[in-house]
Amino acid sequence: MEIPVIAEEAEKKGLDMVGTGDILNPKWLRHVREETEEKDGYLEKDNVKFIPTTEVEDQDRIHHLIIFPDLETVEEAYRDFRELSDDIRREGRPRIKADGEKIVEIAKKHDCLIGPCHAFTPYTAVYGHKNSLKECYGDQVDNLDFLELGLSADSSMASKISDHEDMVFLSNSDAHSPWPHRLGREFNRAELEEESFEGLRKLFHREAGEIELNVGLDPREGKYHCSACNSCHQKYSLQQAKDFDWRCQECSGTIKKGVKDRVEELSDREADYPVRYLHLPPLAKIIQYTVGHASPTTKTVQKRYEVLNEEFGAEIDILVEIEIEEIAEIDEEVAESIRKFREDEIVMIPGGGGQYGERIIPEDVSEREEILEEKSSEIECRY
Ligand SMILES: [Zn+2]
Ligand SMILES: [Zn+2]
């Protein structure tokens, strides 16, 4: 994960703006400074704009995402956070000995943008530890600029909580490697007044610009989507789990509460969010499912990825934009898979109890119906 590599891969993917991540780390800050050119409101490397960002972890193990206007501000904020952290010199995501309220206060003192990260993950996020944003952010709750959904949730889930009304949801990829099935595995498409920090600020505050599309993984793919047994992965509905006192009826293991049911507990209204959320895995993964390989990095998968990439350019265009007939002229099988993803003809067996969900690409509509019927209790997360 170095700037020149990220810039090259981002261009292949079709990403115009990328968060640097980890920018409070002094070594990484030096690298970013050396490798990019600082412009008004963004950093530039080749044709990609970078925006300084970091996650920080608070005293309750909750993660927050901070977006900085420029590198000078990063250094100023660093001095404040250093007073409250033992590991800021060496960690990518420093631990700050303060609560969410204090962290927002510091971020706002420096005119940064801030919001909760991957808000629903069970162990390190706001709803893993608190029952409301207010409980975490106190009087600073109105100063939050956005909410990051994370890989385990989408906007229809998050919009069931009325506290999130008027908030902009971000589907960020939180990539830990630059390869195309990681970088931009989730992304946001927005119309911005300008591609800069200021453009983002206006977008979040609804002064100018608009989010057009959130694209990300299907939350049902997550290891903790349904409530399910930690040992044998038998799934349960929330009511069943409660009735059985969180004890598995098959093996007497422990039932772990899933993200879906956590959202259900917190929700106080019907899902309602104006921006479309497209459930779409990265192209390399779609090719992997199509050829039936175990990983997206096999030679065959990479080869077919490169051919499409050379023909059509940015991956994001191939996934959401280019006509299926056009793609089919180059790779008929993959084009058909992309069509099924775009039109939601995939069957998803949700994950739970530490087991990932499983995607099935049915041959045709009637096979899809068969699978839906045969696996209905698993698909609906019940015993
Ligand atoms: Zn995090
Ligand atoms: Zn069990």
Quiz item: How big is D for the chain, in µm² s⁻¹ as a whole number, if Stokes-Einstein is applied with the Kirkwood radius of its Cα pairs at 37 °C and 0.692 mPa s?
Solution: 149 µm²/s
Quiz item: How much length is gained if the chain between Lys97 and Asp40 is pulled fully straight, taking 0.36 nm per residue apart and subtracting their Cα-Cα distance, in nm to one decimal?
Solution: 17.3 nm
Exercise. Taking the convex hull of the Cα atoms, report for region 229-383 its projected area averaged over all directions, in nm².
Key: 11.3 nm²
Practice problem: Grab the Cα-Cα distance for Asp139 and Glu72, subtract it from 0.36 nm times how many residues apart they are, and report the gain in nm with one decimal. | Solution: 21.4 nm
Quiz item: Which percent of the accessible area of region 272-326 is formed by carbon and sulfur heavy atoms (probe 1.4 angstrom)?
Solution: 48 percent
Self-check item: Extreme residue, positive dipole direction of the chain, given options Trp246, His63, Val104 (C-beta unit charges)
Solution: Trp246
Quiz item: How do 249-259, 177-187 rank on mean C-beta neighbours within 10 Å, highest first?
Solution: 177-187, 249-259
Quiz prompt | Proximal charge balance of Ala208 [Cβ under 11 Å; K/R count +1, D/E count -1] | solution = -3
Quiz item: Any idea what the relative contact order of region 22-136 is, in percent, if you count C-alpha pairs under 8 Å spaced at least 6 apart?
Solution: 26 percent
Quiz prompt | Across Lys109/Lys160; Lys160/Lys223; Lys160/Lys256; Lys108/Lys160, pairs whose alpha-carbon gap is larger than 25 Å | solution = Lys109/Lys160; Lys108/Lys160
Exercise. Work out the charge dipole of region 147-294 with +1 on the Cβ of Lys and Arg and -1 on the Cβ of Asp and Glu about the Cα centre, then indicate which of Ser196, Ile161, Gly184 is farthest towards its positive end.
Key: Gly184
Practice problem: Sorted from largest down, give the three principal axis spans of the alpha carbons of region 300-364, whole angstrom values. | Solution: 41, 24, 20
Practice problem: Using only Cα positions of region 1-128, each an equal point scatterer, no hydration layer, compute I(q)/I(0) via Debye at q = 0.14, 0.19, 0.22, 0.23 Å⁻¹ and quote the log10 values to two decimals. | Solution: -0.60, -1.04, -1.27, -1.33
Quiz prompt | Residue-span extension gain [Asp317 to Val365] - 0.36 nm each, minus C-alpha spacing | solution = 14.7 nm
Quiz item: Which whole-angstrom value gives the distance between the alpha carbon centres of region 256-271 and region 46-78?
Solution: 29 Å
Quiz item: With charges only on Cβ, +1 for K and R and -1 for D and E, what is the dipole size of the chain about its Cα centre, in debye, rounded to 20?
Solution: 1860 debye
Quiz item: Which value, in Å³ per residue, describes the convex hull spanned by the Cα atoms of region 98-199?
Solution: 133 Å³
Quiz item: Relative contact order for the chain: what is it in percent, counting Cα pairs under 8 Å that are at least 6 residues apart?
Solution: 14 percent
Practice problem: Using only Cα atoms, locate the centre of region 140-198 and the centre of region 281-317, then give the distance between them in Å, rounded to an integer. | Solution: 25 Å
Self-check item: Spherically averaged projected area of region 139-248 from its Cα convex hull (nm²)
Solution: 9.9 nm²
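The values are calculated or read from the model by the stated rules, or taken from the named source; none is laboratory data. A quick note: this is a predicted structure, and the numbers were derived from the prediction, not measured. Glycine gets a Cβ as well: all are built from the backbone with ideal geometry, and neighbour counts include every protein chain shown. The area values use the complete protein model at the heavy-atom level, side chains included, leaving out ligands, DNA and RNA. Shrake-Rupley method; radii C 1.70, N 1.55, O 1.52, S 1.80 Å.
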